[in-house]
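Note sheet for the following structure.
Where a number appears in this text, it was derived from the coordinates with a stated rule and is not lab data. Everything numeric here is computed off the predicted structure, so don't read it as measured data. Cβ placement follows ideal geometry from the backbone for every residue including glycine, while neighbour counts extend to all protein chains displayed.
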C-alpha cells in the first residue's frame, strides 16, 4: 500500500508540473514560487543522483527533476518581469543564491537526521511551498501561472504521500514532527484551493460582465 500511494502521489505531482509548465508558457511567467522551485530542484537532484532512492521512487525523482528544469527555464526567462524594480543581474544572483542555499540545506538535513528517504526535507519544503503559493497568488493579484487544476492536483499529490508516511511507514512511526507537517500542509493547501477557486470565480464573473457591456455598446 505504501508504494501504491507513493505512485499515486507521483502521478498527481507529475500532472501538477505539466499543468504549471503549460500555464507558465500561456501566461508568460513561471508558476512555482522561486524559493520553492529551488528547493524542489535540489531535493530531486540529491535523491536522484547524490543519495539515490530505490527503484520505485528514483525514476519518479528523475522525471520530476526534468520537468522542474523546464519550470526553472521559465523562471529565468520570465522571472525578471515579476521583479521590475530589481536589476536583472541582481535577480539572477538571487536565484543562484537561493539554489545553493536550498541544495546544502537539503544535504545537511539529510545528514543531520540520517534521513536518506528525504522525508523530513520533502515535507518541510512542501509546507514552505504551500505557504509560498498563497503568497504568490496574493502578490500577483491574479491567477497568472496558476489554476484550480494545479491547486487540486498539488493538494492531492501531497495528501497521498502524507497518508503513505503516516499510516504505512514503520521508519517514521515515532516522529512527532512529520504528523505536524502533514496537517499543516493540508491546511494551507486547502486554503490555497479556496483562494484559487474564489479568484477564478471572480475572474469569470468579471469577464462575463465585460462581454455583456461590450455587446450592449455594439448594439
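Please give the helix 57-82 orientation as an angle from the longest Cα principal axis of the chain, in degrees from 0 to 90, rounded to the nearest 10.
40
Mind grabbing the base-10 log of I(q)/I(0) for the stretch 1-64 at q = 0.12, 0.19, 0.29 Å⁻¹? Debye formula, identical points on the C-alpha positions, no solvent, two decimal places.
-0.35, -0.80, -1.21
Could you list 16, 29 so that the one with the fewest beta carbons within 10 Å of its beta carbon is first and the one with the most is last?
Working: 16 24, 29 21.
The order, fewest Cβ neighbours first, is 29, 16.
Which order do 66, 175 fall in if you start with the one that has the fewest other Cβ atoms within 10 Å? Write down the numbers at each step before the final one.
Details: 66 12, 175 18.
By the 10 Å Cβ count, ascending, the order reads 66, 175.
How long is the gain from residue 190 to residue 90 if the chain were fully straight, where each residue apart is worth 0.36 nm and the alpha carbon distance is subtracted? Mind showing how you got there, number by number?
On the way: separation 100, 0.36 × 100 = 36.00 nm, distance 3.42 nm.
Taking residue 190 through residue 90 to full extension adds about 32.6 nm, to one decimal.
Sort 4-11, 38-45, 120-127, 193-200 by the packing proxy (mean of other Cβ within 10 Å over each peptide's residues), most packed first.
Values: 4-11: 17.4, 38-45: 24.4, 120-127: 22.1, 193-200: 15.2.
The packing order, highest mean first, is 38-45, 120-127, 4-11, 193-200.
I need the shape label for the stretch 81-128. Rule: rounded when a/c is under 1.5, else prolate if a/b > b/c, else oblate, with a, b, c from the alpha carbon gyration tensor. Mind dumping the intermediate values first?
On the way: a/c = 5.54, a/b = 2.51, b/c = 2.21.
Here the stretch 81-128 falls in the prolate category.
Relative to the longest principal axis of the chain, what angle (0 to 90°, nearest 10) does the C-alpha long axis of helix 34-45 take?
40
From the square roots a ≥ b ≥ c of the eigenvalues of the alpha-carbon gyration tensor of the stretch 31-152, which class results: rounded (a/c under 1.5), prolate (a/b over b/c), or oblate?
On the way: a/c = 1.92, a/b = 1.58, b/c = 1.22.
Prolate shape, in that a/c is at least 1.5 and a/b is the bigger ratio.
Could you list the square roots of 5 times each eigenvalue of the Cα gyration tensor of the chain, that is, the equivalent ellipsoid semi-axes, sorted largest first and rounded to whole Å?
Values: eigenvalues 220, 91, 43 Å².
After diagonalising the Cα gyration tensor, the semi-axes are 33, 21, 15 Å.
Among 91, 51, what is the fewest-to-most ranking by other Cβ atoms within 10 Å? If you can, show how the numbers build up before the last one.
On the way: 91 18, 51 15.
With the sparsest Cβ surroundings first, the list reads 51, 91.
Can you give me the angle between helix 2-27 and the longest principal axis of the chain, using Cα atoms only, in degrees from 0 to 90, rounded to the nearest 10?
30
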